[in-house]
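Before any comments, here is the structure.
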Amino acid sequence: MSQASNIESVLVENRVFPPDARAQQGARISGMAAYDALCAEAAKDPDAFWARLARENLSWTRPFTRTLDESNAPFYQWFGDGELNASANCLDKHMGTPVEHKTAIVFEADDGSVTTISYRELLTRVSQFANALKAEGIQKGDRVIVYMPMTIEGVIAMQACARIGATHSVVFGGFSAKALQERIIDAGAVAVITANYQLRGGKELPLKAIVDDGIAMGGCESIKSVLVYERTLSDWKRVEGRDKTFTEALNASEGQDECVPEPVGAEHPLFILYTSGSTGKPKGVQHATGGYLLWAKLTMDWTFDLRPDDVFWCTADIGWITGHTYVAYGPLAAGATQVIFEGIPTFPHAGRFWQMIEKHKVSIFYTAPTAIRSLIKAAESDEKVHPKNWDLSSLRILGSVGEPINPEAWMWYHRNIGHEKCPIVDTFWQTETGGHVITPLPGATPLVPGSCTLPLPGIAAAIVDETGKDLPNGAGGMLVIKRPWPSMIRTIWNDPERFKKSYFPEEMGGTIYLAGDGAVRSEDRGYFRITGRIDDVLNVSGHRLGTMEIESALVAKTDLVAEAAVVGRPDDVTGEAVCAFVVLKRGRPTSDEESMKLAAELRAWVAKEIGPIAKPKDIRFGENLPKTRSGKIMRRLLRSIAKGEAITQDTSTLENPAILEQLGKAY
Ligand code: 6R9
């Protein structure tokens with residue numbers, strides 16, 4: 001399943017799986033004619049199309065009169081003079097409807113215990129917590145960091161921020177104190193919502209202590225309060241005058257059950273989510289309330305063909321965009337029952353996902369290729385965790401997200417999980433797109449393994465060359481979206497220039513969105529296949545990491561590292577793996593033992609600087625890095641070395657050819 005064989009098998013991919021009668025029957029978008037009709041409606045009069053959908057799918061406290069405002073492109077505005085509240089659109093909207101007493105969340109804890117909460121109860125909990133935030137002095141427009149485990153309380157924290165018009169910035173619970181500090185400073189956050197510990201795989205991992213460390217690193221004077229959800233009974237250290245438990249915060253607002261949702265303008269920033277770019281510093285992707293929420297709701301209906309009795313389960317953490325759109329907002333806006341899982345797929349055994357599908361009668365299951373690949377491996381080596389041991393007949397639709405799914409994994413998912421009856425929606429999108437942009441529709445699109453197929457109605461996706469010129473089917477190029485869409489990134493927080501430069505290149509006219517991925521359309525159907533990032537962004541287990549970000553972390557270990565270069569290489573399970581080439585200040589290690597010790601030290605350092613997900617899998621030591629005579633690091637050469645390929649490139653410009661041999665061994 002290496003990248004090369006993967007690409008080969010996609011090139012010869014000619015299996016097609018049209019939706020069967022079961023998938024088409026009663027689907028919201030049933031058959032390709034229905035899809036084509038929506039595309040035609042969107043093309044004919046985009047403003048009318050989006051305005052219709054925004055009116056049908058959202059409740060506005062003040063109706064909008066303008067749909068798209070392009071006057072300050074690429075800072076597009078959608079539904080700009082309208083007002084709404086995101087939390088009201090996820091909760092209050094359902095009161096007095098059959099959804100009011102429906103289960104909103106089925107929470108399965110790490111230890112397998114289950115808690116459920118209805119929409120009515122969730123509204124009360126969110127309102128109480130929103131009042132607690134107000135009692136802390138948090139106001140509309142303030143930024144609040146959420147550093148929480150996967151729990152009902154994590155969703156409550158996000159919804160409560162939205163309810164009072166505060167902009168949340170969720171930081172994944174696996175990120176380090178340093179990463180947290182950087183985000184607190186960049187966002188100018190006034191509060192952190194966290195938990196004492198998180199429970200994953202039977203282990204209790206600190207969160208609050210990391211918040212303390214992050215704040216102690218300095219520059220975080222903007223933080224006035226830290227609210228701590230006591231997930232476990234274990235002790236934690238309190239900073240007097242700053243920290244409160246959830247219970248104390250709720251008591252301070254006298255536990256009032258009602259909180260009128262604060263109406264905000266449609267363009268009001270609902271959240272900032274930091275993601276890796278091609279330079280060192282993560283970018284604060286800013287999303288607007290109206291357009292984002294419209295997309296979250298709409299794609300629940302379109303892509304997942306959501307029906308009233310569905311049980312939806314998206315396995316993503318709320319720390320990533322997938323957990324924002326398809327855990328914290330989309331399912332609630334659409335009135336779905338969803339499963340939220342605290343733990344990890346391999347604890348207490350690698351059949352946990354399949355067991356949970358059976359237990360909760362999940363009908364829509366949405367996960368990442370990396371999880372599928374690791375569970376294939378587990379099932380192949382241990383019969384006991386093979387999905388055939390569980391009843392998966394409740395499943396109706398399967399989804400994939402985060403990275404290209406290789407056809408082998410697709411076929412396994414199709415056969416062993418979907419029992420050849422469930423359409424697989426391979427959803428291509430990004431933190432910046434807010435929600436799905438290129439994806440099959442389960443009741444309409446004939447599926448081709450490894451292809452995300454066609455753009456959603458109204459998404460003007462295309463493949464172009466460096467100048468923005470359209471390329472024919474079969475020719476690989478850069479993926480762009482030529483027209484604005486409601487849930488697109490609005491700006492990079494604090495850095496509008498970087499926003500323009502990163503996504504709307506001048507050479508293409510300055511108004512076309514550049515995704516940063518390579519793609520190719522098939523000759524026969526015009527289906528899109530994503531070939532991977534064209535910038536210095538790696539995708540490890542579906543998580544985005546900037547190579548420069550990891551390089552900066554390595555060279556920040558100033559007592560040890562003189563120079564570092566980071567590239568990706570294909571990996572059977574994680575998609576890509578991080579490979580670091582390191583030059584040490586003290587010279588090359590002289591033994592395997594020393595190399596291994598130093599590699600372990602560097603891994604621990606990167607985990608501390610960024611987070612465990614960024615730890616290099618391979619570390620290679622050289623007395624220098626391969627550079628051209630003009631001093632440029634030969635990254636293409638490093639990529640070949642990382643892959644273990646024979647070097648076929650011209651190395652005549654290499655300053656010191658001897659180092660190629662030194663870099664041959666990975667630790
Ligand atoms: C949602 C999410 C975005 C990058 C994106 C691309 C890759 C995501 C994909 C996919 C192929 C898919 N990606 N979904 N590649 N097929 N179905 O993952 O957001 O974390 O911002 O990552 O992930 O490379 O550019 P994000």
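The values are calculated or read from the model by the stated rules, or taken from the named source; none is laboratory data. Computed from a predicted structure; not experimentally measured. Ideal geometry is used to build each Cβ from the backbone, glycine not excepted, and the neighbour counts take in all protein chains shown. Protein only, heavy atoms only, side chains kept; ligands, DNA and RNA dropped before computing areas. Shrake-Rupley method; radii C 1.70, N 1.55, O 1.52, S 1.80 Å.
Observations
- Within the set A604, A658, the sole residue that is open to solvent by 40 Å² or more (accessible area, probe 1.4 Å), farther than 30 Å from V401 by Cβ and at pLDDT below 90 turns out to be A658.
- Subset of the stretch 390-405 (residues that are near the ligand (Cβ under 7 Å from one of its atoms) and open to solvent by 10 Å² or more (accessible area, probe 1.4 Å)): V401, G402, E403, P404
- Elements of type strands (runs of 3 or more DSSP E) contained in the stretch 500-572, each with 1 or more residues being open to solvent by less than 10 Å² (accessible area, probe 1.4 Å) and of a type in the set (A, V, I, L, M): 513-521, 537-540, 543-546, 561-571
- None of T65, T115, T97 is of a type in the set (S, T, Y) and not in a loop (DSSP other than H, G, I, E, B) except T115.
- Among (1) open to solvent by 50 Å² or more (accessible area, probe 1.4 Å); (2) closer than 23 Å to L471 by Cα; (3) touching a residue at least 60 places away in the same chain (Cβ under 8 Å), the one test that N494 misses: (2)
- K665 meets each of the listed conditions (1) surrounded by 13 or more Cβ atoms within 10 Å (Cβ to Cβ); (2) under 35 Å from the mean Cα position of the chain (by Cα) apart from (1).
- Top-ranked residue in the stretch 582-596 [being surrounded by fewer than 13 Cβ atoms within 10 Å (Cβ to Cβ) and of a type in the set (D, E, K, R); ranked as nearest to T547 (Cα to Cα)]: K585
- Among the candidates V285, V339, V327, residue that is of a type in the set (A, V, I, L, M, F, W, C), more than 16 Å from the ligand (Cβ to nearest atom), in the same structural domain as G434 (by the TED database) and outside any loop (DSSP other than H, G, I, E, B): V339
- Residue within the stretch 243-258 that is under 25 Å from the mean Cα position of the chain (by Cα), at negative phi, of a type in the set (F, W, Y) and in the same structural domain as E136 (by the TED database) present: no
- The stretch 34-57 residues that are at negative phi and free of Cβ contacts under 8 Å to residues at least 60 places away in the same chain, paired with ones that are of a type outside the set (G, A, S) and open to solvent by less than 60 Å² (accessible area, probe 1.4 Å) (beta carbon under 7 Å, 6 or more apart): D47/T67; D47/L68; A51/T67
- Residue identified as in contact with a strand residue (DSSP E or B) (Cβ under 9 Å, 6 or more places away or on another chain), more than 8 Å from the ligand (Cβ to nearest atom) and more than 20 Å from K361 (Cβ to Cβ) among P423, P440: P440
- Test set (1) more than 16 Å from the ligand (Cβ to nearest atom); (2) farther than 18 Å from I610 by Cα - A565 fails condition number: (2)
- Checklist (1) at pLDDT below 95; (2) within 25 Å of A519 (Cα to Cα); (3) in the same structural domain as G474 (by the TED database) applied to D36, failing item: (1)
- Test: residue in the stretch 268-276 that is assigned by the TED database to the domain that holds M95, surrounded by 23 or more Cβ atoms within 10 Å (Cβ to Cβ), within 22 Å of I438 (Cα to Cα) and not basic (K, R): yes
- W410 being farther than 30 Å from T511 by Cα and either within 13 Å of the ligand (Cβ to nearest atom) or among the basic types (K, R) (or both): yes
- Any helices (runs of 4 or more DSSP H) falling wholly within the stretch 591-667 and containing at least 2 residues that are closer than 26 Å to A179 by Cα: 592-609
- Taking the criterion of being under 30 Å from G510 (Cβ atoms), touching a residue at least 12 places away in the same chain (Cβ under 8 Å) and of a type outside the set (F, W, Y), the residues of the stretch 59-82 that qualify are T65, R66, T67, L68, E70, A73, P74, Q77, G80, D81, G82.
- Meets criteria (within 11 Å of the ligand (Cβ to nearest atom) and out of contact with any Asp or Glu (no Cβ under 9 Å at 6 or more places or on another chain)) for V385: no
- The single condition from (1) in the same structural domain as L273 (by the TED database); (2) away from the ligand (no atom under 13 Å from the Cβ); (3) under 19 Å from the mean Cα position of the chain (by Cα) that R373 fails is (1).
- For the stretch 182-220, the set of residues classified as open to solvent by less than 30 Å² (accessible area, probe 1.4 Å), touching a Pro at 6+ places or on another chain (Cβ under 9 Å) and of a type in the set (A, V, I, L, M, F, W, C) consists of A195, L207, listed by residue number.
- Answer from K178, K224 - the residue that is modelled with pLDDT under 95 and open to solvent by 10 Å² or more (accessible area, probe 1.4 Å): K178
- Residue in the stretch 298-307 that is in a strand (DSSP E or B), in the same structural domain as L270 (by the TED database) and crowded, with 22+ Cβ neighbours inside 10 Å present: no
- Enumeration of residues in the stretch 509-541 that are away from the ligand (no atom under 11 Å from the Cβ) and among the polar types (S, T, N, Q): T511, S522
- Within the stretch 407-456, the set of residues being under 27 Å from A378 (Cα atoms), open to solvent by 10 Å² or more (accessible area, probe 1.4 Å) and in a helix (DSSP H, G or I) comprises E408, M411, W412, H414, R415, N416.
- Set E383, E342: member being of a type in the set (D, E) and out of contact with any Leu (no Cβ under 9 Å at 6 or more places or on another chain): E383
- For the stretch 452-496, residues that are farther than 25 Å from D36 by Cβ and within 15 Å of the ligand (Cβ to nearest atom) total 4.
- Considering K585, K597, the condition of being away from the ligand (no atom under 16 Å from the Cβ), among the charged types (D, E, K, R) and in contact with a strand residue (DSSP E or B) (Cβ under 6 Å, 6 or more places away or on another chain) is satisfied by K585 alone.
- Which numbered condition K102 misses (of (1) open to solvent by 30 Å² or more (accessible area, probe 1.4 Å); (2) out of contact with any helix residue (DSSP H, G or I) (no Cβ under 7 Å at 6 or more places or on another chain)): (2)
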